[in-house]
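Remarks on the structure that follows.
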Amino acid sequence: MAFRENIRLKNRKEIDKLKEAGRVAANALRVAARAAKVGTTLIELDKLAENYIRKAGAIPSYKGYRGYPATLCLSVNDRVVHGIPNNYVLADGDIVAIDCGAKLDGFHGDTCLTVGVGHVREDLTDLIASTQLAMFLGVSYCKVGLRMGDMASAVQKFAEERGYSVVREWTGHGIGSNLHEDPQVLHAEQKAGTGFRMEPGVTITIEPILNMGTHKCKLESDGWTVRTEDGKMSAQFEHMVAVTKNGPEILSYPDPEFELEAGK
Ligand code: MF3
Ligand code: CO
Ligand code: CO
């Protein structure tokens, strides 16, 4: 493993291991997403994901991380990030960000998506679709020769043009044998041409959070759950990506049979 500043550059073998872990996390995420129907509790979703991960011979990355108690982060409606699965019963029209991490053979997978429950308002389906597009736009900037600031300013401009704000305090990160490692990956308030350089072997997450109102957040008394300051809705998508000489390589695709139907 080569180092550049504090960034651990990964070789092909390490990238392939990250991709295997990413596949397990992506599959588990979709097992939970498919079960996210009216009447299901958040704890049920968490169990489904944990069982899948353990059957795959992996372990949940988040459980025990800084004392976090669960396999998934389930952030419903105005929850921004780190919603702890509890006995909340999903209701018609809810949107839920499902974030999942799995460690396989020493490497972490980490990926997130947001789904609607039952009949979802059109403005919320637009928030969800825009957040996913912002994430993929960010991924497309993970190209040799560009810098973090190029990626972040493109993501922010895209989100704001569509009327959304980008959360500042919660960021992407390097990923490898540590769930979170350098560099920190910001998705807003960066100047183009600044920040770390995208170069072959950099493995990071792109995980923008878009809000319908203010970008500002507040922390709940449980010490984990973050909500929007104004109570408006929030969505998030996350992929892991390796910068390679052939362009961005997404490391958190599911197996085809786990793929969700369109619009989910
Ligand atoms: N949301 C974080 C990420 O995607 C991971 C949460 S770790 C936890 O990187 F312990 F807070 F769950
Ligand atoms: Co995550
Ligand atoms: Co992450």
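Only the coordinates and a few stated rules stand behind these numbers; no lab work does. Please read these numbers as outputs of a predicted model, since none were measured by experiment. Cβ sites come from the backbone with ideal geometry, for glycine too, and all protein chains shown count toward neighbours.
The figures follow:
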read-out	value
Candidate aspartates and glutamates for bridging to K245, where Cα separation is under 16 Å - those fewer than 8 sequence places away on the same chain excluded	E14, D16, E199
Net charge, G231 excluded, C-beta distance under 11 Å - Lys, Arg +1, Asp, Glu -1	+1
Phi-based couplings in Hz for segment 38-49 (Karplus 6.51, -1.76, 1.60; Gly and Pro marked x)	3, x, 7, 8, 5, 5, 4, 4, 4, 4, 4, 5
Segment 3-95: GluC sites (Glu not before Pro) in DSSP coil with no more than 14 other Cβ atoms inside 10 Å	E5
Euclidean distance between Cα centres, segment 99-127 to segment 221-247, Å	9 Å
Mean projected area (nm²) of the alpha-carbon convex hull when the chain is viewed from all directions	12.8 nm²
Amide H contacts of G109 (H built 1.01 Å from N, under 5 Å, at least 5 apart or other chain)	A102, K103, L104
Dipole axis of segment 31-170 (+1 Lys, Arg; -1 Asp, Glu on Cβ), positive-most option in G101, A91, A134	G101
Table column - 3J(HN,Hα) (Hz), segment 231-248, Karplus curve with 6.51, -1.76, 1.60, x for Gly and Pro	x, 7, 6, 9, 9, 8, 10, 9, 10, 8, 9, 9, 7, 10, 5, 9, x, x
Extension reserve of the R168-Y65 stretch, reckoned as 0.36 nm per residue once the Cα distance is removed	34.9 nm
³J(HN,Hα), Karplus 6.51/-1.76/1.60, whole Hz, each residue of segment 100-108, x for Gly, Pro	9, x, 9, 9, 10, 6, x, 10, 9
Cross-link table K37/K232; K37/K63; K19/K191; K13/K103; K63/K232, entries beyond 26 Å C-alpha to C-alpha	K19/K191; K63/K232
Estimated 222 nm signal from helices in the chain, with DSSP H stretches of n ≥ 4 weighted -39500 (n - 2.57), rounded to 500	-9000 deg cm²/dmol
Built amide H within the under 5 Å cut-off of A70, gap 5+	G64
Rel. contact order, % - alpha carbon contacts under 8 angstrom, at least six apart, the chain	23 percent
Cubic angstrom per residue, convex hull over Cα atoms of segment 163-264	166 Å³
